[in-house]
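Written out below as structure tokens is the structure these notes cover.
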Amino acid sequence: AQSVTQLDSQVPVFEEAPVELRCNYSSSVSVYLFWYVQYPNQGLQLLLKYLSGSTLVKGINGFEAEFNKSQTSFHLRKPSVHISDTAEYFCAVMARDDKIIFGKGTRLHILP
Amino acid sequence: GAVVSQHPSRVICKSGTSVKIECRSLDFQATTMFWYRQFPKQSLMLMATSNEGSKATYEQGVEKDKFLINHASLTLSTLTVTSAHPEDSSFYICSARVQGSETQYFGPGTRLLVL
């Protein structure tokens, strides 16, 4: 079975500052990794995904994530955040042909 | 592309009534659809997985007779909350996946309030 741990439930950061949202996973088999964003009262939007190949994955809205197999991590980063990035961010893992397992989410607060 | 819609976006109903939520893939055929439930400030919890033309697979602890799922076509799945009670009030989100693809596309969610 797979599991996902998002280490921070909330992350406050000043506008235009860099941010890193942490995600660690556990799995005995190869997995796909995802980051989704959820704006208030909305569904989930895919930010980026890692399937294979290059460990640095670039997504939408200037976000990127790096897959680190040895540390079983898939941290999300953005060099300069904007007020519009205020949202809930979910890390997720999926084994091939299996269901997605979501982390508990990290709420990103952008401070003016 | 890859748009998933849900209807209604929000619904208020009386305790004891049934509510049907529709999930549609607008521009692709979804061989598999998933239904999730999300409580305030919590993560998504998978309720069931439905494959077109077959019975849904429910997660442990989810009542099959209470949450009826039908996946009659490759573009439509429905979730019916039968005899709804206030504790069923939640945000219900569906997602759709094409066979062989690893990506799920999520609908905008339906907020259910049972009075």
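Observations, loosely collected:
- Of B:E52, B:E63, B:E22, the residue with the greatest mean-square motion in the GNM of chain B, using alpha carbon springs below 10 Å, is B:E63.
- The ranking of B:M45, B:M33, A:M94 from fewest to most other beta carbons within 10 Å of each one's beta carbon is B:M45, A:M94, B:M33.
- Placing R0 at 35 angstrom, the Cβ-Cβ distance between B:T82 and A:T86 gives a FRET efficiency of 0.40 after rounding to 0.05.
- The alpha-carbon of B:K55 sits under 26 angstrom from the alpha-carbons of these lysines, leaving out residues fewer than 8 places away in its chain: A:K99, B:K20, B:K64, B:K66.
- Highest-fluctuation residue, B:Q104, B:Q38, B:Q60 considered, GNM on chain B with Cα pairs under 10 Å: B:Q60
- Using a Förster distance of 35 Å, the FRET efficiency for B:E59-A:E20 (Cβ separation, nearest 0.05): 0.65
- Fully extending the segment from B:V3 to B:L26 would add 7.7 nm, taking 0.36 nm per residue of separation and subtracting the current Cα-Cα distance.
- Ordered by the number of other Cβ atoms lying within 10 Å of each residue's own Cβ, fewest first, A:V29, B:V62, A:V4, B:V114 fall into the sequence A:V29, B:V62, B:V114, A:V4.
- Trypsin sites (Lys or Arg not before Pro) lying in DSSP loop within region A:3-93, provided at most 10 other Cβ fall within 10 Å: A:K69
- In this label model, B:N51 and B:S73 are separated by 2.2 nm, measuring between points 7 Å along each Cα→Cβ vector.
Where a number appears in this text, it was derived from the coordinates with a stated rule and is not lab data. Keep in mind that this is a model prediction, so the values were computed, not measured. All Cβ positions, glycine included, derive from the backbone under ideal geometry; neighbour counts span all protein chains shown.
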